[in-house]
Amino acid sequence: MNLNIAILIILMVAALWTTMTRSLLRAAIGLAFMSLALTLIMFRLNSGLAAVFELSVCAGLIPVLFVSTISLTHPLTKQEVMQHMKDRIRRFWYLPLIIVIAGIALSFITVTLNIKLPPKEAEESVRAVLWNGRPLYLVGQIIVLLAGAFGVVILFKESEEK
C-alpha cells in the first residue's frame, strides 16, 4: 500500500513539474516521468497490456518526438509571438461562441447507453495476450513505433540538409 502512495506522489510531482516548468525540454522529460509512473500504477493494478503500451508509446516514443521537435525549432521573438497571437485571435474569434452554443445544445440531449462488459478473461501474462490473443495490437504497436522512429530520422535528415 505504501508503494502505491509513493508512486502516486511521484506521478503528481511529475505532472506538476511538467505543467509548471517554463522549459519545453523539461516539460517533455516530465511527461516521460509521468508516463513511467502511470506505467508502474498500471502494472500494480494487473493491467499489463495497457502498461506495455503506455511504456513504449507514451513514455518512450512521444517524449522522443517532443525532444527532437524542440531541438529543431527556433524560439520566436516577443514581437513575433504577439503578432501570432493577434493573427490567431483574428482568425478564430468565433470559436468560443461555437463552443458555448454546442455546450448549451449538448446539455439538452439525454442519451442512455446499455453497455454490457465482456466477461472477465482468465488472467494471462502480457506475452501470452500479445502473441496469442491479440496479434493485431502487436502489429499496430510496431507500426506506431516504426513510424515515430522514421519520422525522427526524416526530421533530422531535413534539418541537416538545410
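The values are calculated or read from the model by the stated rules, or taken from the named source; none is laboratory data. Everything numeric here is computed off the predicted structure, so don't read it as measured data. When we count neighbours, we look across all protein chains shown, and the Cβ atoms used for this are built from the backbone with ideal geometry, even at glycine.
Return yes when residue 85 is modelled with pLDDT of 80 or more, over 15 Å from the mean Cα position of the chain (by Cα) and under 22 Å from residue 9 (Cα atoms) and no when it is not.
When the stated conditions are applied, residue 85 does not pass them.
Which residue is surrounded by the most Cβ atoms within 10 Å (Cβ to Cβ), if the candidates are limited to region 46-71 and must be within 25 Å of residue 132 (Cα to Cα) and hydroxyl-bearing (Ser, Thr, Tyr)?
It comes out as 56.
Which one of these does residue 39 not meet: (1) at pLDDT below 90; (2) closer than 28 Å to residue 137 by Cβ; (3) not hydrophobic (A, V, I, L, M, F, W, C)?
(1)
In region 7-24, which residues are loosely packed, with under 12 Cβ neighbours inside 10 Å and either in contact (Cβ under 8 Å) with a residue 40 or more places away in the chain or small (Gly, Ala, Ser) (or both)?
Once the filter is applied, which keeps residues that are loosely packed, with under 12 Cβ neighbours inside 10 Å and either in contact (Cβ under 8 Å) with a residue 40 or more places away in the chain or small (Gly, Ala, Ser) (or both), region 7-24 yields only 23.
Whether any residue in region 29-42 is surrounded by fewer than 18 Cβ atoms within 10 Å (Cβ to Cβ), in the same structural domain as residue 9 (by TED's automatic domain parsing) and either at positive phi or not aliphatic (A, V, I, L, M) (or both) is what I want to check.
no
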